[in-house]
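Trainee: Quick one: this structure, given as structure tokens, is what I'll be asking you about.
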Amino acid sequence: ARTFFGCALLASGLSSTMTGTLAGQYVMEGFVDFRIKPALRAFITRSVAIVPSLLVTIIAGESGSEALIVFSSVVLSFELPFALIPLVKFVCSKKIMGPLVVKGAEKWIALTISVVVILANVFMLGSFVFSGESDEENKGVTAFVYAVCFLGGAGYMFVLYKMLTKEVVQHLRVVNPVRFRELSSLAGSAAQI
């Protein structure tokens, strides 16, 4: 079982870094106007993903790896909406997607799944933060931790709200004209079939 779990974890890590690499490419090119070579970007993103895990495994051993898996799951659940909200917003935007915009039932299914995933992650994050046992001697520290979590959560919700209400102004035609022509021709040929 350990071998299968290790292989599954490695495969999911590789697929998520590839997804992050591609998403980062389009975000950097389209919004930040910062271009680097794909091989260098892949090296940087994979290094950021693999080096900390490798160091924890070497230094802390198996128990440290288990704690890292739990901690990384919590961090990923915290970060997921920052990737999910723009993704759904972009694919539902006619300005960006042009003829390939997601609409109708697909749009509502994507929105519903996004809301369910975000709410599940918020619940998991909240249960992780508040699952610690309350210590009578450290009530001040516990209250401080709860206050920091509440303020951080309020800031987090504010940022998510700003992401939801921000106007999408880029267009694929501007960001990547070659890809826009390819997609437009595909959409045109699909409409003829």
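The values are calculated or read from the model by the stated rules, or taken from the named source; none is laboratory data. Please read all numbers here as calculations on a predicted model, not as lab measurements. We place every Cβ from the backbone using ideal geometry, glycine too, and count neighbours over all the protein chains shown. We work out accessible area using only protein heavy atoms, side chains counted, and drop any ligands, DNA or RNA first. Shrake-Rupley method; radii C 1.70, N 1.55, O 1.52, S 1.80 Å.
Trainee: For residue 78, state whether it is under 28 Å from residue 159 (Cα atoms), surrounded by 14 or more Cβ atoms within 10 Å (Cβ to Cβ) and among the aromatic types (Phe, Trp, Tyr). Step through it out loud before you land on a result.
Mentor: On the way: under 28 Å from residue 159 (Cα atoms): yes; surrounded by 14 or more Cβ atoms within 10 Å (Cβ to Cβ): yes; among the aromatic types (Phe, Trp, Tyr): yes.
Considered against the rule, which asks whether it is under 28 Å from residue 159 (Cα atoms), surrounded by 14 or more Cβ atoms within 10 Å (Cβ to Cβ) and among the aromatic types (Phe, Trp, Tyr), residue 78 comes out as yes.
Trainee: Can you pull out the residues in the range 37-75 that are over 18 Å from the mean Cα position of the chain (by Cα), open to solvent by less than 80 Å² (accessible area, probe 1.4 Å) and β-branched (Val, Ile, Thr)?
Mentor: 51, 56, 57
Trainee: Here is a list of conditions, (1) at pLDDT 75 or above; (2) over 24 Å from residue 19 (Cβ atoms); (3) open to solvent by 40 Å² or more (accessible area, probe 1.4 Å), and residue 100 meets all of them except one; can you say which number that is?
Mentor: Failing condition for residue 100: (2).
Trainee: Also, quick follow-up: Checking residue 93 against (1) within 30 Å of residue 165 (Cβ to Cβ); (2) among the polar types (S, T, N, Q); (3) at pLDDT below 75, which single condition isn't satisfied?
Mentor: (3) is the only condition that residue 93 fails.
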